[in-house]
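Here is the structure we will look at, set down as structure tokens.
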Amino acid sequence: MSLFDDKVKKQLQEALKPMVNNVNLALFTQTLECNTCRDTHLFLGEISELSDKLTLTVWNFQTDKDKAEQYGVDKIPAIVVLDSENRDHGIKFYGLPGGYEINSFIRIILEMSGLKEQLPDDLMKRIQGIKKDIHIQVFISLTCPYCPDAVSTAHRLALESEHIKADMVESSTFVPLAIKFNVSSVPKTVINGTQEFVGTNPLGKVLDFIEKV
Amino acid sequence: MEFNLSLSAVATDHRAVPMDKNKVYDVIIAGGGPAAMTAAVYCMRKGVAAGFVTVDIGGQVGETSGIENYLGFNYIEGSQLVEKFAGQMKQFEIGLSEGYAVTEIKDGREKEVVLENGDRYRAKSIILATGNRWRKLNVPGETELTGRGVAYCAICDAPLFAGKKVAVVGGGNTGIESAIDLAKIAEKVTVIQILDRLTADKVLIDAMQQFNNMEVLLLHEVKEIQGDKTVHAVVVKDTVSGGEKSLDVQGIFISIGLMPNTDMVKGVVELNGFGEIVVDCSCKTSAPGIFAAGDVTSVPYKQIIIAAGEGAKAALSACDYILKE
């Protein structure tokens, strides 16, 4: 049985049409002891069928340890979004980006392919000024209508800076991690484990938090 | 599994520019919802120099899941409608500041808008469309524990309370909708209502009867929210007997309605008893050159389509004012 019905399939096809360059999705999974790995694999299999510019590479978290290490994958299911040259920009989805989160997933695919809204010069300057290693984790739930905005902002920052990595974390899939960061409202953004905020913030304001790290 | 796709193509043709501190704008629009964005489109089409200052683009519409009463769309997701509004606005070279709330409005022949980060922008006229925010309980513990068990969006945060005990404050439509969303997944839901009955629509009250993990406390009010890193308990008071008791819960969802964002204009324009900006039928406030539109005003019925219409009217009134000045 497929995850997407015909209507969703058509919508996704349409949404992916403007892709410029190829994008490769790398999935880290395993067959046992991972409840959502199978669905995530199905999801990526189906979505990569919907555009000839999308490819899927599947790695086994247990046996392909070197690959997991290379991309900094520490839990599964994990999706790493790579550009047409298979370069890593530090953009990951931990958990299946279903529900409302499909929007942040499509958005970063388009942006990674080269279709992106230009950022104002002052913001680009601030992003280029970041020299510390920054790790952003955005905790979300799939029923939250404005969570994709928080994820997209974090991913865009990662795309523009080699020093920034950004993860979407589906809170129900990674419960211990959500508990560790006291996540009880989403979206909750945690930066290097020290700075945090609940809700969505525009890019400039997220930079305010990053600059405090 | 559901997929709530709402993405229109990534807009690459946006022409909005950053706000300019040295410029005197014809009109500055404060707020980011349908009233503000409609006002922006009308102002730009009239050819006046407009600035747009907002915390976020979309306002409450961005937090709404399905909309079925904005004409032209049988059904549209809130975030999708916001993208359409924003796309139409950003096709103009409008001044834009996003992320910082307006903290002060200074009236005079030349008016000034002060933002929370200290930025100041000047204009000949102002349109206030700052909307509403969730009403707070104003009890000890609420602010400290917000995002740590105190929550305002049940559809967003319900999954985080699977198997836990939660309280919902408010017996209106939002409160009961929240309680139903939570009852599907939480161990127990306690609805706390200050009145002697629930005020939600009958369909919702009927729907809540099917859950046996729900309890309703009528004539009770919240006195305190307790916890350290996260919420542990809520202290409620029986308003008849005066007796207090502590409920053992890990979360509390507050659904007691909305309040207007008018702190920045207290003493500048006339407000009514609800704190809303009083406007006449052409969106004029008590201060010449300051206009208001949408949910922040005394206009009844908080609806997207009404806010948008009021935004158009406020823009036309402001353009008229600029011309005559």
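Worth pointing out:
- If you go through the stretch B:188-208 and pick out every residue that is among the small types (Gly, Ala, Ser) and in a helix (DSSP H, G or I), you end up with 1.
- Meets criteria (touching a Leu at 6+ places or on another chain (Cβ under 8 Å) and of a type in the set (S, T, N, Q)) for A:THR40: yes
- Checking each residue in the stretch B:131-151 for being open to solvent by 10 Å² or more (accessible area, probe 1.4 Å) and either within 8 Å of chain A (Cβ to nearest Cβ) or among the hydrophobic types (A, V, I, L, M, F, W, C) (or both) picks out B:TRP134, B:LEU137, B:VAL139, B:THR146, B:ARG148.
Okay, residues lined up against (1) part of a helix (DSSP H, G or I); (2) open to solvent by less than 40 Å² (accessible area, probe 1.4 Å); (3) out of contact with any helix residue (DSSP H, G or I) (no Cβ under 6 Å at 6 or more places or on another chain); (4) over 28 Å from A:VAL175 (Cβ atoms):
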| position | (1), (2), (3), (4) |
| --- | --- |
| A:ASN86 | no, no, yes, yes |
| A:LYS92 | no, yes, yes, no |
| A:LYS116 | no, no, yes, yes |
| A:LEU119 | no, yes, yes, yes |
| A:MET124 | yes, no, yes, yes |
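- Residues that are of a type in the set (Ser, Thr, Tyr) and over 16 Å from B:CYS153 (Cβ atoms) within the stretch A:173-188 comprise just one, A:THR173.
- B:ASN261 more than 25 Å from the chain's Cα centre (by Cα) and open to solvent by 30 Å² or more (accessible area, probe 1.4 Å): no
- The stretch A:165-176 - residue that is touching a residue at least 12 places away in the same chain (Cβ under 8 Å) and out of contact with any Phe, Trp or Tyr (no Cβ under 8 Å at 6 or more places or on another chain) and, of those, farthest from the other protein chains (Cβ to nearest Cβ): A:LYS165
- Considered as a group, the residues in the stretch B:286-300 that are closer than 25 Å to B:GLY257 by Cβ and not in a loop (DSSP other than H, G, I, E, B) include one that is farthest from the chain's Cα centre (by Cα), and that residue is B:ALA292.
- Number of positions in the stretch B:216-254 that are closer than 23 Å to A:SER184 by Cα, away from chain A (no Cβ under 14 Å) and either out of contact with any strand residue (DSSP E or B) (no Cβ under 7 Å at 6 or more places or on another chain) or among the small types (Gly, Ala, Ser) (or both): 2
The values are calculated or read from the model by the stated rules, or taken from the named source; none is laboratory data. Note that the coordinates shown come from a computational prediction; the quantities given were computed from them, not determined experimentally. FYI the Cβ positions are ideal-geometry reconstructions off the backbone, even for glycines, and counts take in every protein chain you see. Note: accessible area is taken over every heavy atom of the protein model, side chains too, but ligands, DNA and RNA are not part of it. Shrake-Rupley method; radii C 1.70, N 1.55, O 1.52, S 1.80 Å.
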